[in-house]
Amino acid sequence: MAKLPETSPAAGLLPLTHGGLTLSEGPARRMWMIQPYPGREAGLDAALRDAHGIGFPEPSRSTGQRGGRLIWAGRAQALWIGTADPAPGLAQHAALTDQSDAWAFLKLEGAGAEAALARLTPLDLHPSVFKRGHAARAPLGHMSAILHRRSAALELFVFRSMARTAVHEIGVAMRSLAARAAV
Amino acid sequence: MRIPCPLCGDRDRREFYYMGAAEALTAPPGPEAPPEVIDDQLHLRTNPAGETRDVWYHETGCGAWLIVTRDTVTHAVHGAVLAERRGTTA
Ligand SMILES: [Zn+2]
């Protein structure tokens, strides 16, 4: 088979800047969904700490350190994001699925990022409520997204097939806010 | 109306899909049960004026199935537990 060129989910679409907000694509990362088997949550947590030095995140939270992190992504599931794959031994305790090519990873930065996303999601993203290390599975427009606050950026993950829709929807919100500010 | 998801916190009702009365989760009667008991289990619901319990699926959130206790008269939502834990709480 011919060698196919690899492209990122938002290739050619980002970065995008309107007013003080910039939407960009996150770096290419290994992404795995980790879903503990019933009753194996404690075993998985211990195995994660042994192999990677991080625990399985509490609901609506994340854990992490250099090399790999976990963002809670729904009932009994967390998304691994790392420069390498998670330890194969975790498969004793959880279903591991390589989803590296399945998610578009976007970052929204700048003052007022919450106001832009408020047009697309019913979540309260105010920094006093949705703090650093907080995560949510929530609608973004009509998409099912994972949202996470990491230092200065709001990280967004949507299904790869929705990358163009997500960039369009967030871009419209950013442009509207910038236009209002300029009036 | 907001539903307090035990995993996600308070979320808008539109994030959830209604899956029916919680009483339908009880085990069906065995094959030796008289036909009217099986008919009751399959087709008859209580439809209370007041407190009721039903099943909701957090479709655009965490994907959990919840048992929500609410009041059909006041529209108050009293609480929600994970359906997988229904034997231990509420
Ligand atoms: Zn939920």
For the range A:30-98, the per residue accessible area (1.4 Å probe, Å²) is 47 Å²
Kindly identify residues of the range A:63-90 having a loss of at least 20 Å² in accessible area between the isolated chain and the assembly of all protein chains, probe radius 1.4 Å.
A:TRP72, A:ARG75
Just A:PRO59, A:PRO88, A:PRO36 to compare: in a GNM of chain A, with alpha carbon springs under 10 Å, which one fluctuates most?
A:PRO88
Using only protein heavy atoms and a 1.4 Å probe, how much accessible area in total is buried between A and B, to the nearest 100 Å²?
800 Å²
Only Cα pairs within less than 10 Å get springs; with that Gaussian network setup on chain A, which residue of A:SER62, A:SER100, A:SER161 has the largest fluctuation?
A:SER161
Between A:GLY39, A:GLY110, A:GLY74, which gets the highest mean-square fluctuation from a Gaussian network model of chain A, Cα cutoff 10 Å?
A:GLY39
For B:ASP71 and A:SER161, what is the calculated FRET efficiency with R₀ set at 45 Å and r taken between the beta-carbons, to the nearest 0.05?
0.65
What distance in nm separates the two pseudo spin-label positions at A:ALA118 and A:GLU58, each 7 Å out from Cα along the beta-carbon direction?
2.7 nm
On the protein heavy atoms, probe 1.4 angstrom, tell me the percent of accessible surface of the protein assembly as shown carried by carbon and sulfur.
52 percent
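The values are calculated or read from the model by the stated rules, or taken from the named source; none is laboratory data. Small disclaimer: the values here were computed from a predicted structure and weren't measured. With ideal geometry, Cβ positions are generated from the backbone for all residues, glycine too; neighbour counts draw on all protein chains shown. These area figures cover heavy atoms from the full protein model, side chains too; ligands, DNA and RNA do not enter into them. Shrake-Rupley method; radii C 1.70, N 1.55, O 1.52, S 1.80 Å.
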